[in-house]
Amino acid sequence: MTDSDNELWDNLVAPWKAARPTQLQRPVGCLECRMTGYAGRIGIYEILLMSPALRKTINAETDIAALREQASREGMKPLRISGAQKVAAGLTTLEEVVKIAPPPDQS
Ligand SMILES: [Zn+2]
């Protein structure tokens, strides 16, 4: 991980904490992937499981911040963290996840 990788990683997972991976994959490119370095697709997900506590926060005037907070308390994993785990597993790159997963305050 270079300094700019570390910065990108910290930005991706903020405001959560996630240990930096020791190694990252880099797109190289070949004829097979038309020189992009990427092939195929994988999904990253953010799943909110309904609970009695969450149900109570949902109404016509739902406070989204409070909803997110309660969801986090109940173990909801944010989209960017799901993406970061795919990066750490060597399945994709930091750049790719940053490109597709919006920062938490915009999602
Ligand atoms: Zn290739």
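No value in this document is a laboratory result; all are computed from the given coordinates. Since the model is a prediction, treat every value here as computed from it, not as a measurement. Counting neighbours? That spans all protein chains shown, and the Cβs are built from the backbone with ideal geometry, glycine included.
If you rank 42, 81 by fewest surrounding Cβ atoms within 10 Å, what's the result?
42, 81
So what's the angle, to the nearest 10 degrees on a 0 to 90 scale, between helix 3-13 and the longest Cα principal axis of the chain?
Tilt relative to the chain: about 30 degrees.
What is the order of 73, 68, 41, fewest Cβ neighbours within 10 Å to most?
Ascending Cβ contact count within 10 Å gives the list 41, 73, 68.
How high is the relative contact order of the chain, in percent, counting Cα pairs under 8 Å that sit 6 or more residues apart?
31 percent
Could you list 17, 86 so that the one with the fewest beta carbons within 10 Å of its beta carbon is first and the one with the most is last?
17, 86
Quick one: Karplus J couplings for the range 60-67, per residue in order, coefficients 6.51, -1.76, 1.60, θ = phi - 60°, nearest Hz, x for Gly and Pro?
Calculated HN-Hα couplings, in order: 4, 10, 3, 8, 4, 4, 5, 5 Hz.
Figure the gain on full extension for residue 48 and residue 7 (residue separation times 0.36 nm, minus the Cα-Cα span) and round it to one decimal in nm.
Once the chain is fully extended between residue 48 and residue 7, it gains 11.9 nm.
If you fit an axis through the alpha-carbon atoms of helix 79-88 and take the longest principal axis of the Cα set of the chain, what angle between them do you get, 0 to 90°, nearest 10?
So the inclination is approximately 30 degrees.
What spacing in nm lies between the two simple spin-label points modelled at residue 66 and residue 14, each 7 Å away from Cα in the Cβ direction?
Placing both labels 7 Å beyond Cα along the Cβ direction yields 2.8 nm.
Under unit Cβ charges (Lys, Arg +1; Asp, Glu -1), what dipole magnitude, rounded to 20 debye, does the chain have relative to its Cα centre?
340 debye
Given R₀ = 25 Å, what would the calculated FRET efficiency be for residue 34 paired with residue 99, taking r from the Cβ atoms and rounding to 0.05?
Numbers: r = 18 Å, r/R0 = 0.71.
About 0.90, to the nearest 0.05.
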